[in-house]
Amino acid sequence: MASDKYFLYHGLLLPAVAHNEESLKYACDFKVHDQDVFAVTYPKSGTTWMQEILPLILNGGDLTPVQSIPNWDRVPWLEETRASLVLKGQPSPRAMVSHLPYHLMPPSFFTSKAKVIYVTRNPKDVMVSSFYFHKMASFLDDPGTFDEFLDKFLSGQVLFGKWTDHVKSWYSSDLGDRILYITYEEMVKDLRGVVERFSRFLGRELSKEALDRVAKQCYFSNMKTNPMSNYSLVPQDIMDSSKSPFLRKGIVGDWKNHFNPEQDAKFTAVLKEETKELDIKFPWEE
Ligand code: A3P
């Protein structure tokens with residue numbers, strides 16, 4: 001049962017702290033420009049990371065935006081309450097993030113030429129990250145035990161609904177070369193190579209030096225100490241980093257430290273069944 005901490009949108013739970021009828025209407029009516037760039041993610045899949053990478057690429061490797069503007073005002077969430085303030089009068093190219101499933105993107109998005117980078121992460125690591133996020137964020141319900149949270153995750157009683165629905169919606173999109181699919185795991189493995197791919201995709205090729213600079217700035221250790229990106233500007237009664245930092249571990253495979261064999265088998269079986277029509281092999285699948 002959803003608590004008053006959540007705003008229900010097309011059956012999806014959204015945090016009421018940053019979403020309401022007005023913000024969703026703004027997102028729905030939003031006039032997407034051809035030059036706009038979106039990074040779309042299921043929560044806890046690397047959104048903050050994309051909020052670091054995109055402005056650096058779009059600004060030719062200049063570090064100023066990520067050193068001076070908090071991530072939520074630098075690359076706002078289209079569906080959140082701050083979007084209208086941040087995006088008002090902003091010149092192109094505008095960079096935004098979104099957790100919306102494909103079919104809930106604004107109608108003007110589909111007729112535009114705006115580009116999208118869709119980031120997917122191993123759902124087991126997503127669940128672990130989300131579990132700790134629920135512990136530290138006072139605007140979310142307590143996750144309960146890991147076992148209880150696992151059931152909520154699998155049934156979609158979590159932020160933005162089921163992981164499988166989100167991923168299926170974006171992987172069945174019909175955007176041709178307007179969309180680039182990437183995984184968190186690829187980003188961890190070769191960040192510089194991924195930044196290079198992004199910059200080529202966005203038509204903003206960077207010099208070797210700029211690529212080095214951008215990748216370095218976006219390493220986990222550097223983002224963790226950047227007050228404009230590590231959520232330390234948020235008061236402790238809203239996000240309590242003593243319970244768990246927002247930029248927590250930044251690694252691949254932390255699920256192995258959390259799932260017991262029964263939980264792993266259950267999770268894997270559900271995911272396998274629900275993604276069987278997807279003709280893709282993710283890096284975490286053998
Ligand atoms: P963990 O909790 O596993 O550490 P989102 O921004 O979508 O909410 O995702 C948050 C997750 O992305 C957290 O995962 C966070 O640490 C991780 N993350 C953010 N920046 C990262 C980076 N530069 N490198 C690796 N992981 C990063």
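The values are calculated or read from the model by the stated rules, or taken from the named source; none is laboratory data. Just so it is clear, the model here is predicted, and its values are computed rather than measured. Every residue, glycine as well, gets a Cβ built from its backbone with ideal geometry; the counts of neighbours run over all protein chains shown. Each accessible area value is taken on the protein alone, full model and side chains, heavy atoms only, with ligands, DNA and RNA left out. Shrake-Rupley method; radii C 1.70, N 1.55, O 1.52, S 1.80 Å.
Which pairs break 25 Å Cα to Cα here: 224/256; 135/281; 124/152; 135/168; 113/152?
Details: 224/256 23 Å; 135/281 32 Å; 124/152 13 Å; 135/168 28 Å; 113/152 36 Å.
Over 25 Å apart, Cα to Cα: 135/281; 135/168; 113/152.
Taking only the alpha carbons of the range 130-286, what extent do you get along each of the three principal axes, in Å, biggest first?
48, 43, 26
Taking the Cβ-Cβ separation of residue 148 and residue 111 as r and a Förster radius of 41 Å, what is the calculated FRET efficiency to the nearest 0.05? Show your work: numbers first, answer last.
Values: r = 43 Å, r/R0 = 1.05.
Taking R0 as 41 Å, the efficiency between residue 148 and residue 111 is 0.45.
May I ask you to compute the full-extension gain from residue 208 to residue 69, defined as 0.36 nm times their residue separation minus their alpha-carbon distance, rounded to one decimal in nm?
Working: separation 139, 0.36 × 139 = 50.04 nm, distance 2.51 nm.
Computed gain between residue 208 and residue 69 is 47.5 nm.
If I model a spin label at residue 238 and residue 181 as a point 7 Å from the Cα along the Cα→Cβ vector, what separation in nanometres do I get?
Those two pseudo-labels are separated by 3.6 nm.
So what is the 222 nm mean residue ellipticity for the chain from helices alone, if each DSSP H run of at least 4 adds -39500 (n - 2.57) and you divide by all residues, rounding to the nearest 500 deg cm²/dmol?
On the way: 14 runs with 119 residues, N = 286.
The helix-only estimate for the chain comes to -11500 deg cm²/dmol at 222 nm.
Express in Å², to the nearest 10, the accessible area of residue 240 obtained by rolling a 1.4 Å probe over the protein heavy atoms while all chains stay in place.
30
Using modelled backbone amide H atoms (1.01 Å from N, in-plane), which distant-in-sequence or interchain residues come within less than 5 Å of residue 97's amide H?
Long-range HN contacts for residue 97: 39, 77, 78.
Taking only the alpha-carbon atoms of the range 1-54, what semi-axes of the equivalent ellipsoid follow from 5 times the gyration tensor eigenvalues under a square root, in whole Å, largest first? Don't skip to the answer; put the middle values down first.
On the way: eigenvalues 110, 57, 15 Å².
So the equivalent ellipsoid measures 23, 17, 9 Å along its semi-axes.
Which residue fluctuates the most in the chain, going by a Gaussian network model with Cα springs under 10 Å, if the choices are 108, 207, 138?
207
Determine the percent antiparallel among the DSSP beta bridges restricted to the chain, to the nearest 5. If you can, show how the numbers build up before the last one.
Details: 5 of 21 bridges.
Bridges in the chain that DSSP calls antiparallel: roughly 25 percent.
So, with a 1.4 angstrom probe, what is the percent of accessible area on the range 1-101 that is carbon and sulfur? Mind dumping the intermediate values first?
Working: 2270 of 4120 Å².
Carbon plus sulfur share of accessible area: 55 percent.
Just grab the label-to-label distance for residue 264 and residue 8, each label 7 Å out from Cα along the Cβ direction, in nm (one decimal).
3.7
How large, in percent, is the carbon and sulfur part of the accessible surface of the range 189-276 at a probe radius of 1.4 Å?
On the way: 2760 of 5180 Å².
Its accessible area is 53 percent carbon and sulfur atoms.
For the chain, with every protein chain kept in place, what is the accessible area per residue (1.4 Å probe, Å²)? Before the final figure, lay out each step's value.
Values: 13240 Å² over 286 residues.
Ligands and nucleic acids excluded, the result is 46 Å² per residue.
What trypsin sites (Lys or Arg not before Pro) does the range 112-218 have in DSSP loop regions with at most 15 other beta carbons within 10 Å?
Details: sites: 113, 115, 121, 124, 135, 152, 162, 168, 178, 189, 192, 197, 200, 204, 208, 213, 216; in loops: 113, 121, 162, 204.
In loop regions of the range 112-218 (DSSP not H, G, I, E or B), the sparsely surrounded trypsin sites (Lys or Arg not before Pro) are 113.
With a cap of 12 neighbouring Cβ atoms within 10 Å, and only residues DSSP puts in a loop, list the GluC sites (Glu not before Pro) found in the range 155-243. Write down the numbers at each step before the final one.
Values: sites: 185, 186, 196, 205, 209; in loops: 205.
Qualifying residues, ordered by number: 205.
Rounded to two decimals, what is Rg over Rh for the chain when you use alpha-carbon atoms and the Kirkwood radius?
Values: Rg = 18.0 Å, Rh = 19.4 Å.
So for the chain, dividing Rg by the Kirkwood Rh gives 0.93.
Specify the inter-centroid distance of the range 262-286 and the range 79-123, based on alpha-carbon positions, in whole Å.
Cα centroid to Cα centroid, the span is 28 Å.
Sequence-distant or interchain residues sharing an amide H contact under 5 Å with residue 9, placed H: which?
14
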